[in-house]
Amino acid sequence: MVGSSFVDRARGAPDDDDYPIDDAFPRSSVARALPQDSAEETPFQQLIRHWMNERHAPDILPGQEMLLGRLLDHISKQSSDVELLRADPDSSEEEHFRIMLVQTEVERVKFVIRSYIRTRLHKIEKYARFISATPGMHERLSKAELDHAQRYARLVEYHFNQTVLQGLPLQQRSLEEDVAFMPPMTPSPDKLKPVFAHALVDCPPVYLPDGTATQWQKGQISLTPYYVVEHLLLRGEVELV
């Protein structure tokens with residue numbers, strides 16, 4: 001029977017009191033069920049870390065297609081197994097209660113996935129022209145994200161030309177103008193934005209805006225411009241909080 005392993009696991013599970021559900025995501029029942037890359041961090045915990053980094057970073061971070069794919073595949077299988085167990089006429093009321101808890105946890109995972117994707121989409125549309133003109137940014141996006149950014153940039157440029165620029169003098173019709181004391185026509189990520197960085201390991205020395213060097217110990221949280229910790233974030237040595 002498809003999903004029998006899930007049914008056996010659910011029916012053989014101890015009482016709910018033996019599995020307290022924290023307010024935090026990482027110890028949820030779904031997180032425990034997911035395969036682990038390491039002893040410390042499950043795929044769901046990895047997603048939460050990337051989600052928080054993406055929300056706090058002014059720049060677009062490398063996408064996590066493989067991680068999302070694994071989580072979505074697991075959610076699909078988990079949901080299918082839950083439906084099979086719900087349809088089982090031999091399921092007790094206690095088993096249905098456990099099913100409800102699993103479904104709640106699945107919805108929590110789906111919420112994080114949706115929020116992560118929406119955050120990236122917001123940045124992609126905000127910096128669409130910058131992304132299209134910067135080859136180094138292309139490798140951070142999936143093919144679908146890059147296609148969307150390029151189409152969105154073309155639409156915005158067409159809209160500006162049709163509604164505003166064609167009515168201006170010829171020398172003022174460019175979207176590449178950089179006028180002093182005015183916002184740029186093509187916005188780019190503000191890497192001077194301050195962020196809170198939490199050191200996950202003992203970090204190598206970094207240089208602050210005043211030129212002084214500092215070294216963060218594991219567990220230390222510091223407020224610093226984003227560009228100071230960007231390379232540490234991309235290496236996974238810090239997380240944004």
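Each reported figure results from applying straightforward, stated rules to the coordinates on display, with no laboratory input. Keep in mind that this is a model prediction, so the values were computed, not measured. Using ideal geometry, Cβ is built from the backbone for each residue, glycine included, and neighbour counts are taken over all protein chains shown.
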By what distance, in whole Å, do the Cα atoms of segment 89-133 stretch along each of the three principal axes, largest value first? 60, 14, 8
Taking H placed 1.01 Å from N in the peptide plane, check which residues at least 5 places from V238 or on another chain put their amide H under 5 Å from its amide H. L200, L233
Counting other beta carbons within 10 Å of each Cβ, put K123, K110 in order, fewest first. K110, K123
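Tell me whether segment 104-225 comes out rounded, prolate or oblate; compute the Cα gyration tensor, take square roots of the eigenvalues as a ≥ b ≥ c, and use a/c under 1.5 as the rounded threshold.
In terms of gyration-tensor shape, oblate.
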Ratio of Rg to Rh over segment 194-240 (Cα coordinates, Kirkwood Rh, two decimals): 0.90
Work out from phi, with θ = phi - 60° and the Karplus expression 6.51 cos²θ - 1.76 cosθ + 1.60, the ³J(HN,Hα) of each residue of segment 140-151, listed in order in whole Hz, and give x for Gly and Pro. 7, 10, 6, 4, 5, 5, 5, 4, 5, 4, 5, 5
Would you mind ranking V229, V206, V164 so that the residue whose beta carbon has the fewest other beta carbons within 10 Å leads the list? V164, V206, V229
Placing each pseudo-label 7 Å from Cα in the direction of the beta carbon, L84 and L72 end up separated by a distance in nanometres of 2.3 nm
Simple label model, 7 Å out from Cα along Cβ direction - L192 to R154, nm: 3.5 nm
